[in-house]
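To keep things clear, I will list the structure first and then write my remarks on it.
The values are calculated or read from the model by the stated rules, or taken from the named source; none is laboratory data. Predicted model, so just to flag it, every value in this text is computed and none were measured. All Cβ positions, even for glycine, are placed from backbone atoms using ideal geometry, and neighbour counts span all protein chains on display.
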């Protein structure tokens with residue numbers, strides 16, 4: 001048998017395999033000795049990759065992603081802002097991927113690695129980012145993107161994605177450049193009333209900077225500065241001009257979100273915590289500034305994943321409710337009992353304040369280097385049942401809510417908290433009388 005014929009047979013075998021194979025398996029398939037196979041693998045080293053180490057070593061055919069190659073370094077930004085290359089993402093034939101961690105526990109994926117899913121551009125900010133790079137000719141909706149589309153974006157412009165990972169050398173160099181000019185972009189507390197209206201206009205024009213944090217509410221990201229050395233990255237939601245009915249309603253809802261996060265934060269000792277927020281009114285708009293819990297100080301980052309990504313990888317729930325997710329996560333030992341209970345409490349409170357936007361993107365978890373999950377602070381907690389539709393305010397009856405057997409133990413706690421919440425809504429002078437009237441029946445429930 002000549003080497004070219006063996007090489008062709010080896011490539012054909014690797015091309016039709018559904019998972020990386022060991023040298024022993026490949027030698028048996030081809031009917032050759034392992035030394036002969038090793039020589040063939042060496043000749044094909046530009047097309048074949050060795051995955052894993054020692055007894056877990058496997059071989060697979062690589063696949064180049066457009067003109068970017070097939071190996072993409074994975075850099076982790078530490079809580080102190082220190083970067084470290086922790087592994088590689090490798091594209092394989094058959095639309096597969098392999099994540100090779102330097103610390104071990106490497107794994108093959110039939111799709112793009114699940115923890116990468118949240119890093120893609122999405123929501124309002126994602127669309128704004130896409131408008132800045134028409135040269136990529138990517139589909140206008142991220143839902144229409146292929147894995148190659150996502151990877152192309154991340155490796156070129158994914159330097160400021162949610163979480164603490166950066167994929168690709170070009171994106172890492174973008175992070176270095178961003179960090180060099182990051183501090184001068186900080187906005188002092190006293191400057192927010194003038195800076196935020198300008199940033200809102202820029203965001204609406206598609207020129208806002210920042211990460212692709214999800215959500216359809218118009219927003220921008222910013223670096224806030226307290227004093228000389230206290231920095232915090234924030235996401236800032238903003239209302240339309242408050243002179244319109246829809247603008248006033250969104251302003252009311254942003255105040256409501258701020259009150260909900262405040263109340264949940266007060267419950268920290270027993271029931272977890274919420275994202276810290278602050279409300280600012282300037283330039284005829286309401287701005288809700290929310291601290292990013294995946295960012296620490298000026299340059300630090302923390303790993304995080306959404307329940308949407310966790311469900312896709314570990315749960316596969318068809319009933320996509322927070323209650324079902326809490327039970328499945330606990331049963332699979334992905335979270336502990338305390339986080340399970342906190343998630344159910346959060347569910348009850350959300351129901352009782354008419355938060356109808358309880359999708360899996362609105363729950364997140366911190367993820368450490370070992371892949372362990374811890375429930376992250378609450379966010380996007382507001383009475384979305386009363387949100388405008390197509391810029392029109394449509395008054396609705398308050399949604400009917402009832403306990404389930406899995407939330408029954410937390411219902412009395414939730415009723416008390418919701419009663420206090422609606423009382424604060426009624427007393428807050430920043431909320432319009434029209435909205436207070438729309439929800440006034442809740443105080444008698």
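Taking helices (runs of 4 or more DSSP H) that do not extend beyond the stretch 2-69, which have at least 2 residues that are loosely packed, with under 11 Cβ neighbours inside 10 Å?
Where helices (runs of 4 or more DSSP H) fall fully within the stretch 2-69 and carry at least 2 residues being loosely packed, with under 11 Cβ neighbours inside 10 Å, they are 3-16, 34-43.
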Problem - Selected residue [surrounded by fewer than 16 Cβ atoms within 10 Å (Cβ to Cβ), free of Cβ contacts under 8 Å to residues at least 60 places away in the same chain, out of contact with any helix residue (DSSP H, G or I) (no Cβ under 7 Å at 6 or more places or on another chain) and within 30 Å of residue 293 (Cα to Cα)] from 370, 397 - result: 370
Exercise for the section: Would you please name the residue that is nearest to residue 363 (Cα to Cα), looking only at residues in the stretch 378-394 that are without any contact (Cβ under 8 Å) to a residue 60 or more places away in the chain and surrounded by 10 or more Cβ atoms within 10 Å (Cβ to Cβ)? Expected result: 385
Completion exercise
So the helices (runs of 4 or more DSSP H) completely within the stretch 191-303 holding 2 or more residues that are under 30 Å from residue 82 (Cβ atoms) and either at pLDDT 95 or above or assigned by TED's automatic domain parsing to the domain that holds residue 390 (or both) are 192-204
Problem - Residues that are under 26 Å from residue 280 (Cβ atoms), assigned to a helix (DSSP H, G or I) and within 32 Å of the chain's Cα centre (by Cα), drawn from the stretch 419-445 - result: 420, 421, 422, 424, 425, 435, 439
Handout entry: Qualifying residue in the stretch 139-147 (condition: in a helix (DSSP H, G or I), in contact (Cβ under 8 Å) with a residue 24 or more places away in the chain and within 19 Å of the chain's Cα centre (by Cα))
Key = yes
Practice task
Return yes when residue 409 is part of a helix (DSSP H, G or I), closer than 30 Å to residue 310 by Cα, out of contact with any helix residue (DSSP H, G or I) (no Cβ under 6 Å at 6 or more places or on another chain) and at pLDDT 95 or above and no when it is not.
Solution key: yes
Practice task
Scan (1) part of a loop (DSSP other than H, G, I, E, B); (2) at positive phi; (3) at pLDDT below 90 for the single condition residue 94 breaks and write down its number.
Solution key: (1)
Exercise for the section: Report whether or not residue 377 is touching a strand residue (DSSP E or B) at 6+ places or on another chain (Cβ under 7 Å) and either closer than 30 Å to residue 106 by Cβ or not assigned by TED's automatic domain parsing to the domain that holds residue 266 (or both). Expected result: yes
Practice task
Count, please, the residues in the stretch 304-336 that happen to be in contact (Cβ under 8 Å) with a residue 40 or more places away in the chain, part of a loop (DSSP other than H, G, I, E, B) and touching a strand residue (DSSP E or B) at 6+ places or on another chain (Cβ under 7 Å).
Solution key: 1
